[in-house]
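Step one of this worksheet: look at the structure below.
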Amino acid sequence: MRAIARNTRPVIRHPSAAFIPPVLTQIRLVRPRSTTLLGVRYLATINTSLVSSPTHSDPLVGVQLSTSVKPHFKKILIANRGEIACRIIRTARKLGVKTVAVYSEADKDCIHVKMADEAFCIGPAPSTESYLNIDKILAVAKATGAQAIHPGYGFLSESSVFAERIKDSGLIFIGPPTSAIKSMGSKRESKEIMIAAGVPCVPGYHGSDQSSEALLKGAEQTGYPLLIKPTHGGGGKGMRIVRDPKSFQDELESAKREAIKSFSNDEVLLERWLEKPRHVEVQVFADTLGGCVALWERDCSVQRRHQKIIEEAPAPGLSPELKKDLAEKAVAAAKAVDYVGAGTVEFIMDAETGEYFFMEMNTRLQVEHPVTEMVTGIDLVEWQLSVAAGNPLPLTQDQIPCIGHAFEARIYAERPESNFLPDAGKLLHTKAPVNVPHRLETGFWEGDEISSYYDPMISKLIVHGSDRSSALSLLRSALDEYQVVGPSTNIEFLKNVISHKVFNAGPVETSFVQTYQEDLFPIKKIPNEILAQAALYLLLRNEKEFKSLNNNKLWFQLVNRRFGDNDNNNIKSFKINNKNIKIQIKEFEYIIKINDNDKKEEEEEIFINSTSELLKNGDNNEIISIINNNYNLKSTIIPVLFKNKFAEEFEKLHIFNNSFHYILSNQTSLIKIENSNSLNSSNSNLSKELISPMPATVIDIKISKGEKVKENQILIILESMKMEISIRSNKNGIIKKINVNKGKVVEEGEILVELE
């Protein structure tokens, strides 16, 4: 991967009028505007490939894009952070539009701060004091002379109050009118509008009476299973599926708490829950002159916690008639609220019958917008800026192409094996794919911190192919090459998803992850060859360190091969993943013996040629070995030191070999210590201590000292990255001690409650 200075800006090249959707987004590096030299660091995710030559015909040949009647803005402010802020800056720079970034104290070193022409700190890390602070954002906009504000997605992007305040300040909101945000921001009101416009809606309770009695009655009328959904906001926040009427009240309270924190509004609606639903959405775009088009559909059915993780365009398995009907209904939905700008109309579709219903309209640019850009060749951010300046849409409906197939995989800092709990921490090592055409959107450098204050998405990996099969093959190869060390990620899980035969076959349902959980979370056996190579790496590393300390002493350069030594003196022992590994050093080879329990008859011997090399590449270590005189094994090894909950140090070895990422625990003594999954398993039935699985804030304590509790009872509720985590009792018992209070910020592994 290339090393670039932090103030070097990757830029998407501007497509011509006869643009053919590329397999990836091209980037070029431009000189920084500032002459100040910053430290060279690796960019966490950049595209290092070149655009492949297209083989298909150009659908836009002869089509003239509309000439802008009004000029672009001279300067805009971006009221967001991370990859979406970087995405907007790239298009703005392409158009010659100056940009102003805002950032919190936690984001002072992030990419968007360095890419923008100007950047201003607007407060501490909590989003309520920074990215949600309207007064501070408007003050920066006025002080810098910005003419318009782009909200990105999340934060204030769907706030009608924010849009109105911008308008009142004499600035332009790059988005829809306030009336449309209000109408579509309320899922209750939007469904009433859609029904009037002839757009089918899911049966359920959409009433304004939010009393517990009214909602309980609405639940009984809707029937179970049902979905509780906040009427404002999105992203899966505050959504709960209820199958048992007895749990309705608890789930309702939890949904309302999460909604009020995420959207400052706890109003909810109830919907019939389809057991086999697909999530299909249509990208729409409208101008101020009455023009409105659909830019085809996307399928976003692969989800966890009601949040998308893989999106594709177009949606597979739909007939031309159904595609046309969805597009027409989406345009009707947009026109019903006099929509302007980029929006997405989301539908829930019965996978068995093909019947579909309106879910909601997102009045902003979506996270997954790149897949639409890849199949249409349209820069949606450029359209946003043009339409906000008062220009008509560049293309009519019949001029919008749909070429090939595109996938987007969201790379999250999270622990899929622990119910997808968000993770946080420093990006210690990152390496983007280098051999696969792709587009990679990110807001982080290697060395940056993934903060528990914000969404845990690290990047978005996008590929484009001539058809679904080709695009899927590219995505598989790109994920195989993508390396991230630091917080846990979902990369290995994504590999399992896209390799699953059901996903490969075509459309899937939103219950895909739960339905095929066993397949998607296979027990991962670590090959003995990898264990042997890890032990050899430790041996060679120790040898290098020893030599470096004694580099002026010729005798010490023969560390492991002294004249007169017998074989027993040339045996080194290691304990990796609770396996005892011994390396016997011979003249021409290493004999490596591996066993679990010191029984000699169960040992496996592996022979590695003594020509094995340990190569240093920055902080990375590459080791090349000849295994059993048969084949070469080349791995990249990233060592990371950790402390477990008992403050004992141990070392994780991240080994990238071919398409696999193995994580091994190097136990420096032969005393058995907890392995790297100790924090995930510490709330087991054997433990009397319940710990926090991640950095979080205590938002509710449900118990008191001395209280009797039952197994699975909720004791404490945590909040991290806008998500609630319930800490439940792992057995029947009595509360011995509560170590936290409401509002306390706790670290991963911190003891919350002790049971007698």
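The values are calculated or read from the model by the stated rules, or taken from the named source; none is laboratory data. Bear in mind the structure is a predicted one, so any value in this text is a computation, not a measurement. In this analysis, Cβ positions are derived from the backbone assuming ideal geometry, glycine residues included, and neighbour counts consider all displayed protein chains. Remember, those area values only see protein heavy atoms, side chains included, never the ligands or the DNA or RNA. Shrake-Rupley method; radii C 1.70, N 1.55, O 1.52, S 1.80 Å.
Taking the conditions exactly as written (farther than 20 Å from Lys335 by Cβ and in contact with a helix residue (DSSP H, G or I) (Cβ under 8 Å, 6 or more places away or on another chain)), does Gly233 satisfy them or not? Explain how you work it out, then say what you get.
Values: farther than 20 Å from Lys335 by Cβ: yes; in contact with a helix residue (DSSP H, G or I) (Cβ under 8 Å, 6 or more places away or on another chain): yes.
For Gly233, the condition - farther than 20 Å from Lys335 by Cβ and in contact with a helix residue (DSSP H, G or I) (Cβ under 8 Å, 6 or more places away or on another chain) - is met.
Taking the residues in segment 511-526 that are hydrophobic (A, V, I, L, M, F, W, C) and not in a helix (DSSP H, G or I) as candidates, determine which candidate is most open to solvent (accessible area, probe 1.4 Å). Full working, then the answer.
If we filter segment 511-526 for residues that are hydrophobic (A, V, I, L, M, F, W, C), which is where we start, we get 512-513, 520-521, 523, 526.
Checking the rest, the ones that are also not in a helix (DSSP H, G or I) come to 521, 523, 526.
Working: Phe521: 60, Ile523: 169, Ile526: 34 Å².
By that ranking, first place goes to Ile523.
State which residue is surrounded by the fewest Cβ atoms within 10 Å (Cβ to Cβ) when the search covers only segment 391-423 and only residues that are farther than 21 Å from Phe503 by Cβ and modelled with pLDDT under 95.
Restricting to residues being farther than 21 Å from Phe503 by Cβ and modelled with pLDDT under 95, the top hit is Ser418.
Among the residues of segment 546-562, is any among the aromatic types (Phe, Trp, Tyr), at pLDDT below 85 and touching a Lys or Arg at 6+ places or on another chain (Cβ under 9 Å)?
Taking segment 546-562 as the starting set, the residues that turn out to be among the aromatic types (Phe, Trp, Tyr) are 546, 555-556.
Remaining after also requiring at pLDDT below 85: 546, 555-556.
Still in the list and also touching a Lys or Arg at 6+ places or on another chain (Cβ under 9 Å): 555-556.
Checked segment 546-562: at least one residue is among the aromatic types (Phe, Trp, Tyr), at pLDDT below 85 and touching a Lys or Arg at 6+ places or on another chain (Cβ under 9 Å).
State whether the residues of segment 281-297 include one that is of a type in the set (A, V, I, L, M, F, W, C) and closer than 29 Å to Pro225 by Cβ. Write out each step before concluding.
Within segment 281-297, the subset of a type in the set (A, V, I, L, M, F, W, C) is 282, 284-286, 289, 292-296.
Then keep just the ones that are closer than 29 Å to Pro225 by Cβ; that gives 282.
Yes: one or more hits.
If a residue has to be open to solvent by 10 Å² or more (accessible area, probe 1.4 Å) and in a loop (DSSP other than H, G, I, E, B) to count, how many in segment 424-436 make the cut?
Selection size over segment 424-436: 4.
In the set Thr372, Thr353, which member is buried (at least 20 other Cβ atoms within 10 Å of the Cβ) and of a type in the set (Ser, Thr, Tyr)?
Details: Thr353 fails: buried (at least 20 other Cβ atoms within 10 Å of the Cβ).
Of Thr372, Thr353, the one residue that is buried (at least 20 other Cβ atoms within 10 Å of the Cβ) and of a type in the set (Ser, Thr, Tyr) is Thr372.
How many residues does segment 248-287 contain that are assigned to a strand (DSSP E or B) and of a type outside the set (D, E, K, R)? Spell out how you get there, then give the answer.
The first filter runs over segment 248-287 and keeps only residues assigned to a strand (DSSP E or B), leaving 268-272, 277-286.
With of a type outside the set (D, E, K, R) added as a condition, the list becomes 268-270, 277, 279-280, 282-286.
Final tally of qualifying residues: 11.
How many residues are at pLDDT below 95 and in contact with a strand residue (DSSP E or B) (Cβ under 8 Å, 6 or more places away or on another chain) when one looks only at segment 160-185?
Number of matching residues: 1.
Evaluate segment 335-342: report whether one residue or more is surrounded by fewer than 21 Cβ atoms within 10 Å (Cβ to Cβ) and of a type in the set (D, E, K, R).
yes
Find the strands (runs of 3 or more DSSP E) located wholly in segment 647-756 whose residues include 1 or more that are under 22 Å from Ile530 (Cα atoms) and modelled with pLDDT of 90 or more, and list them.
649-657, 660-667
Among the candidates Leu718, Leu752, single out the residue that is free of Cβ contacts under 8 Å to residues at least 40 places away in the same chain, closer than 26 Å to Gly238 by Cβ and crowded, with 18+ Cβ neighbours inside 10 Å.
Working: Leu752 fails: free of Cβ contacts under 8 Å to residues at least 40 places away in the same chain.
Of Leu718, Leu752, the one residue that is free of Cβ contacts under 8 Å to residues at least 40 places away in the same chain, closer than 26 Å to Gly238 by Cβ and crowded, with 18+ Cβ neighbours inside 10 Å is Leu718.
Pick from segment 438-478 the residues that are assigned to a strand (DSSP E or B) and of a type outside the set (A, V, I, L, M, F, W, C): which of them is surrounded by the fewest Cβ atoms within 10 Å (Cβ to Cβ)?
Taking segment 438-478 as the starting set, the residues that turn out to be assigned to a strand (DSSP E or B) are 439-442, 445, 449-450, 457-465.
Checking the rest, the ones that are also of a type outside the set (A, V, I, L, M, F, W, C) come to 439, 441-442, 449, 459-460, 464-465.
Working: Arg439: 25, Glu441: 24, Thr442: 25, Glu449: 16, Ser459: 24, Lys460: 23, His464: 29, Gly465: 20.
Filtering segment 438-478 for residues that are assigned to a strand (DSSP E or B) and of a type outside the set (A, V, I, L, M, F, W, C), the one surrounded by the fewest Cβ atoms within 10 Å (Cβ to Cβ) comes out as Glu449.
So in segment 198-225, with the set limited to residues that are outside any loop (DSSP other than H, G, I, E, B) and in contact with a helix residue (DSSP H, G or I) (Cβ under 6 Å, 6 or more places away or on another chain), which one is least open to solvent (accessible area, probe 1.4 Å)?
Ala219
Where residues in segment 248-300 are of a type in the set (Ser, Thr, Tyr) and open to solvent by less than 60 Å² (accessible area, probe 1.4 Å), which of them is modelled with the lowest pLDDT?
Step by step, filter segment 248-300, then rank; the result is Ser262.
Could you list, ordered by first residue, the pairs with Cβ atoms under 8 Å in which the first is in segment 70-99 and more than 25 Å from Ser459 (Cα to Cα) and the second is among the hydroxyl-bearing types (Ser, Thr, Tyr), at least 6 apart or interchain?
His72/Ser386; Lys75/Thr99; Lys75/Thr144
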